[in-house]
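The values are calculated or read from the model by the stated rules, or taken from the named source; none is laboratory data. The shown structure was predicted, so the numbers you read here are calculated from the model rather than taken from an experiment. Positions of Cβ are backbone-derived with ideal geometry, glycine not excepted, and every protein chain shown enters the neighbour counts. Accessible surface areas use protein heavy atoms only, side chains included; no ligands, DNA or RNA. Shrake-Rupley method; radii C 1.70, N 1.55, O 1.52, S 1.80 Å.
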Amino acid sequence: MANMAQAIRMALHYAEENYQLHDVFGQDVGAPLGGVFTATQGIQCAWNSPLDERGIIGMAIGIGMAGKRCVAEIQFADYIFNTMDLLKLAGNMYWASHGQYSIPIVVMTPVGAGIRGSIYHSHSFDSWASRLPGWKIVLPSNPLDAYGLLLSSILDPNPVLFLPPKALMRVKGKELIPGEPEDEKELKAMIDAPIGDRTQWKPRWPRLKEYLIPLGKGRIVKEGNRVTLVTWGRYVGICEQVIDDLIASAMIDSTDVELIDLRSIYPYDWPLIKESVKKTRKVLFVNEDTEVTNFAEHLSYRVTKELFYELWAPPQVIAGRHVPGIGLHPNLEDASVPGADEIKKVIIALIQEVP
Amino acid sequence: MSVSSVAVSRKKSSRKSVPRLRLGLSHELCRLMYQKMLYSRILEERLIKIYRAGDGYFWIGGPGEEGFGVPLGLLVRKGQGVSYDYLHLHYRCTPTLVAMGMPMIDSIRLMMNRSTDPCTGGRNFSNHYCFPQWNVLPVTSPIEVQYVMALGTAHVQKRAQSPGITIVTGGDAGTAEGDFASCLVWSSRKGQELPILITVQNNRWGISTAYEGQHGEDCIADRARAFNIKASVIDGNDPIESYRVIKEMMEYVRQKGKPAFIEAFVSRLYGHSSASGANYVTNEECPVRRFEELLLRVGVIKEQECNQWRKEYEEEGFQAQQKVRQEPVPSGESIWNHIYADQQHPDWRRF
Ligand SMILES: Cc1ncc(C[n+]2csc(CCOP(=O)(O)OP(=O)(O)O)c2C)c(N)n1
């Protein structure tokens, strides 16, 4: 199965062939490297920009102003912060021009911790991004979703932030991307650039098919009846593992936890959360961005306000600690982001809670 | 660097001992430029009156920049889409828009934040224009951001081998922002140069901070020269010099597909904005009066017709204000309009 970097590549290739995508750019995005995560390797319209994040976002907005699509990459979300007012501008351009200039661009930037990336390769951006009206914000949790969400993002007439988790770039999926060869060695031979001299190398693309995941729609990863666990990005896999471990050790039943992958931060799938919480009456939100004014606080507030009389326990949020950075030593990182034990404890406490 | 006019040359007259002035541009064009400059000035003065009358909340604009802004607007390849020039302007661009054909009333609608305001529907400040039919991209308040957004439209034009170019303007103090440097870096990369005309209207002020003390370079144009960008420093209060240099630079950008840079010295005749009082300053040169005096001296315009134009334009502004007063204002519910360009409702309460 393809990993997420390969899935992104395939989506970009599909879009350059079928969606008039002419510009995929950012630092080291073009040949020979094809991106520090190799997510743009072999893409014909990929090019290297100067090392200038504001220039990258400005260029992207300008391309959008000319009515063209593009995918601009900020190498790590850790380096997107000095573009904040340009992101705000991209988000407000349609509004400020009273509907006269929409900005149909995608900004892709890998987010989150989990790669032992220390202070400046571990930042999240999902909660920050949730304060950028006018943008749509999506986080894939697996390669197939990365493919389907990226294609929808490129087609969307609005600015879209596509936030693949750094730690998932090399993780393989469980489902085939439409058109992907079954044998992953074959895929690798077709679309991974060789080590060493690449000057003569050209990818051989599989016959890919369109696959669109609507922005704003989440997914039930696992059905359950007693607790709803809402998460996104890297924590979908982590929470899935936590639930499996709890089931395996007979701490919970296999139908206790309903796991939701929200996939889109904004617009978000409220009907999916609402229906699930009405059924389970208990909810836990998990994500790794820092905890103070975390996006999950908004969701938790909304659950409390709208479903107050249906709840059997206070909504819970587990998020990254409100500390200035993620330290390099594993003890430091593990203490800064939600850990499996912590998630387990809260799940069990929620199941046991009697109103 | 030369900041003196190069356009007015002296020619010996055979009949009289008084030398006859030669303008270097056709009389017709000079008359047109003068009329546009006067119209722009009277419009800006009307906007200030609107502010003082309490019919608008804030004024910022371009009185003092007519000598540069009008020729710029006249020289634009005007139209919509990649084949025409894109304009990434800043908040002193009334003269350019007037030269392109904007009627007073549209600027007044913006100033008076009416829902009829064609630029922003009553959402933004005066001089924050947006006219898609002329590729005039939304003017925004954050200083200098237009210099990086301009890269994108120029990039698209370059690939399309378009006859259109990208034009970006701004003030002198703003060149301290990184976005200015970004524009120079990205537009001048060897073999990947972009068709951008970059201009800086140097009024020697950034609100209250004087030019002196903010710059180590001899002139801002030297920064462009360091990137091998063809650059020129001009007297932006002289519309004839401005017209010639802008034309030359535009032709260069169009033909070579490379950037060019103009630093134009201009005046700031009503201070920074209404926040600093918007009072007329007497110690800076007025480009409209200077051009008027020249054209009167040469006989291209007559005192009487000047008075007539002035009266006409003042009347147009006054009538427009009265009319716009009666026009509808945006409703509170309209804040949710135009957030997303598709069917997606932007309000989370409605998800
Ligand atoms: C990024 C940013 N910082 C500060 C301001 C507030 N501000 C508005 S105009 C201005 C001065 C700009 O001076 P200059 O670039 O010389 O242009 P001028 O107004 O003199 O034409 C400042 C500081 C702003 N609008 N944007």
Q: State the number of residues belonging to the range B:194-220 that are within 14 Å of chain A (Cβ to nearest Cβ), away from the ligand (no atom under 14 Å from the Cβ) and in a strand (DSSP E or B).
A: 1
Q: Report yes if some residue within the range A:152-160 is open to solvent by 30 Å² or more (accessible area, probe 1.4 Å), part of a helix (DSSP H, G or I), outside the structural domain of A:ALA296 (by TED's automatic domain parsing) and more than 20 Å from A:PRO324 (Cα to Cα); otherwise report no.
A: yes
Q: With respect to B:PRO287, determine if the residue is open to solvent by 70 Å² or more (accessible area, probe 1.4 Å) and touching a residue at least 40 places away in the same chain (Cβ under 8 Å).
A: no
**Q.** Some residue of the range B:111-125 being within 16 Å of the ligand (Cβ to nearest atom) and within 14 Å of chain A (Cβ to nearest Cβ)
**A.** yes
Q) Looking at the range A:107-131, which of the residues that are free of Cβ contacts under 8 Å to residues at least 60 places away in the same chain and within 14 Å of chain B (Cβ to nearest Cβ) is farthest from A:PRO324 (Cα to Cα)? A) A:VAL107
Q. Out of curiosity, is A:ASP85 charged (D, E, K, R) and at the interface with chain B (Cβ under 9 Å from one of its Cβ atoms)?
A. yes
Q: Considering only the range A:242-256, state which residues are open to solvent by 80 Å² or more (accessible area, probe 1.4 Å) and part of a loop (DSSP other than H, G, I, E, B).
A: A:ALA250, A:MET251, A:ASP253
Q.
Would you confirm whether or not the range B:145-152 contains a residue that is out of contact with any Ser or Thr (no Cβ under 9 Å at 6 or more places or on another chain), in contact (Cβ under 8 Å) with a residue 24 or more places away in the chain and within 14 Å of the ligand (Cβ to nearest atom)?
A. yes
**Q.** Selection status of A:ARG219, of a type in the set (Lys, Arg) and over 22 Å from the mean Cα position of the chain (by Cα)
**A.** no
Q: Give the residues of the range B:304-332 that are open to solvent by 60 Å² or more (accessible area, probe 1.4 Å) and within 14 Å of chain A (Cβ to nearest Cβ), sorted by residue number.
A: B:PRO328, B:VAL329
Q) Which one is farthest from the ligand (Cβ to nearest atom) among residues in the range B:167-193 that are closer than 23 Å to B:ASN127 by Cα and touching an Asp or Glu at 6+ places or on another chain (Cβ under 7 Å)? A) B:ILE167
**Q.** Considering residues of the range B:85-101 that are in a loop (DSSP other than H, G, I, E, B) and crowded, with 24+ Cβ neighbours inside 10 Å only, the residue farthest from the ligand (Cβ to nearest atom)
**A.** B:ASP85
Q: Identify all residues within the range B:333-350 that are more than 8 Å from chain A (Cβ to nearest Cβ) and within 20 Å of A:TYR301 (Cβ to Cβ); write none if there are none.
A: B:ASP347, B:ARG349, B:ARG350
(Q) Suppose we filter A:ILE238, A:ILE243, A:ILE154, A:ILE195 for residues that are of a type in the set (Val, Ile, Thr) and within 14 Å of chain B (Cβ to nearest Cβ); which single one remains? (A) A:ILE154
Q: Identify the residue in the range A:216-241 that is in a strand (DSSP E or B) and not hydrophobic (A, V, I, L, M, F, W, C) and, among all such residues, is most open to solvent (accessible area, probe 1.4 Å).
A: A:ARG219
Q. From the set of residues in the range A:206-215 that are open to solvent by 70 Å² or more (accessible area, probe 1.4 Å) and within 14 Å of another protein chain (Cβ to nearest Cβ), which is nearest to B:ASP342 (Cα to Cα)?
A. A:PRO214
Q: Considering (1) within 13 Å of chain B (Cβ to nearest Cβ); (2) within 25 Å of A:SER102 (Cα to Cα), say which one A:ILE80 fails and leave the rest.
A: (1)
Q) Scanning for something within 30 Å of B:ASN337 (Cα to Cα) and modelled with pLDDT of 95 or more, does the range A:108-116 turn up at least one residue? A) yes
(Q) One residue is enough: does the range A:322-339 have a residue meeting the conditions over 23 Å from A:ILE243 (Cβ atoms), part of a helix (DSSP H, G or I) and not hydrophobic (A, V, I, L, M, F, W, C)? (A) yes
Q.
Just the residues that are more than 19 Å from B:ARG268 (Cβ to Cβ) and open to solvent by 10 Å² or more (accessible area, probe 1.4 Å), please, taken from the range B:147-176.
A. B:HIS155, B:LYS158, B:ARG159, B:ALA160, B:GLN161, B:SER162, B:PRO163
Q: Look through the range B:126-144, keep the residues that are under 16 Å from the mean Cα position of the chain (by Cα) and within 13 Å of the ligand (Cβ to nearest atom), and return whichever of them is surrounded by the most Cβ atoms within 10 Å (Cβ to Cβ).
A: B:VAL139
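This table checks each residue for (1) among the aliphatic types (A, V, I, L, M); (2) in the same structural domain as A:THR255 (by TED's automatic domain parsing); (3) open to solvent by less than 10 Å² (accessible area, probe 1.4 Å).
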{"position": "A:ASN294", "(1), (2), (3)": "no, yes, yes"}
{"position": "A:THR304", "(1), (2), (3)": "no, yes, no"}
{"position": "A:LEU307", "(1), (2), (3)": "yes, yes, yes"}
{"position": "A:ALA319", "(1), (2), (3)": "yes, yes, yes"}
{"position": "A:GLY327", "(1), (2), (3)": "no, yes, no"}
{"position": "A:ASP334", "(1), (2), (3)": "no, yes, no"}
{"position": "A:GLU342", "(1), (2), (3)": "no, yes, no"}
{"position": "A:LYS345", "(1), (2), (3)": "no, yes, no"}
Q) Within the range A:246-258, is even one residue under 30 Å from B:GLN343 (Cβ atoms) and out of contact with any helix residue (DSSP H, G or I) (no Cβ under 7 Å at 6 or more places or on another chain)? A) no
**Q.** Filtered residue count, the range A:182-205, keeping only those that are open to solvent by less than 40 Å² (accessible area, probe 1.4 Å) and not hydrophobic (A, V, I, L, M, F, W, C)
**A.** 2
